[in-house]
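Undergrad: Below you'll find the structure I mean.
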Amino acid sequence: MKRLVCFSYVDVIGEIWLPGIGPCAQRISLRPYDIENIRDGGGKITRESIEQWLRTHAGDFRSITDFSASIEDGEDTLDFAWANEESECVHSDCMYPDRD
């Protein structure tokens, strides 16, 4: 028997509240409750609705520079790429500093 495990997350880069640290990164795991709160007024999940949700739910960050997301919505997987292609490298450097 095979099992398929799906999970939703948002990868974030930005500035945290502690000044002078530089860019920081985090992966935020999303629960079904979070996904429902990310939906816009029309019930859709958009880049803008994710950004709005992050403004009130990414408390470790003073400001968010960029994000990417992979969200399971029923049978569909919604993937939102980084707005800036360099952001993926910044996120990787922050999360895994010892890797090349």
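Undergrad: Do any chymotrypsin sites (Phe, Trp or Tyr not before Pro) in region 13-64 lie in a DSSP loop with no more than 14 other beta carbon atoms within 10 Å, and if so, which?
TA: Passing sites in region 13-64 are TRP17.
Undergrad: Further question: When the Karplus curve 6.51 cos²θ - 1.76 cosθ + 1.60 is applied with θ = phi - 60°, which whole-Hz ³J(HN,Hα) does each residue of region 80-87 get, with x for Gly and Pro?
TA: Computed from phi, the couplings for region 80-87 are 10, 7, 4, 5, 10, 5, 6, 4 Hz.
Undergrad: A follow-up question, please. For SER8, which sequence-distant residues (separation of 5 or more, or a different chain) have an amide H within less than 5 Å of its own amide H, given hydrogens modelled in the peptide plane?
TA: Excluding prolines and chain starts, which carry no amide H, the hits are LEU30, GLU72.
Undergrad: Still on this model: Kindly give Rg over Rh for region 8-95, based on alpha-carbon atoms, with the Kirkwood expression for the hydrodynamic radius.
TA: When Rh is taken as the Kirkwood radius, the ratio is 0.97.
Undergrad: For the chain, what is the relative contact order in percent, using Cα pairs closer than 8 Å and at least 6 residues apart in sequence?
TA: Over the chain, the number comes to 33 percent.
Undergrad: Apply the Karplus parameterisation 6.51 cos²θ - 1.76 cosθ + 1.60, with θ equal to phi minus 60°, to every residue of region 22-39 and state each ³J(HN,Hα) to the nearest whole Hz, in sequence, with x for glycine and proline.
TA: Coupling constants for region 22-39: x, x, 10, 9, 7, 10, 9, 7, 9, 8, x, 4, 4, 4, 5, 6, 6, 4 Hz.
Undergrad: Through the Karplus equation 6.51 cos²θ - 1.76 cosθ + 1.60, θ set to phi - 60°, convert the phi angles of region 9-15 into ³J(HN,Hα) values in whole Hz; use x for Gly and Pro.
TA: With the stated coefficients, region 9-15 comes to 7, 10, 9, 10, 10, x, 9 Hz.
Undergrad: Which of the trypsin sites (Lys or Arg not before Pro) found in region 1-90 are in a DSSP loop and have at most 15 neighbouring Cβ atoms, other than their own, within 10 Å?
TA: LYS2, ARG3, ARG39, LYS44
Values in this text are rule-based calculations from the coordinates and carry no lab data. A quick note: this is a predicted structure, and the numbers were derived from the prediction, not measured. Heads up, the Cβs are rebuilt from the backbone with ideal geometry, glycines too, and the neighbour counts pull from every protein chain shown.
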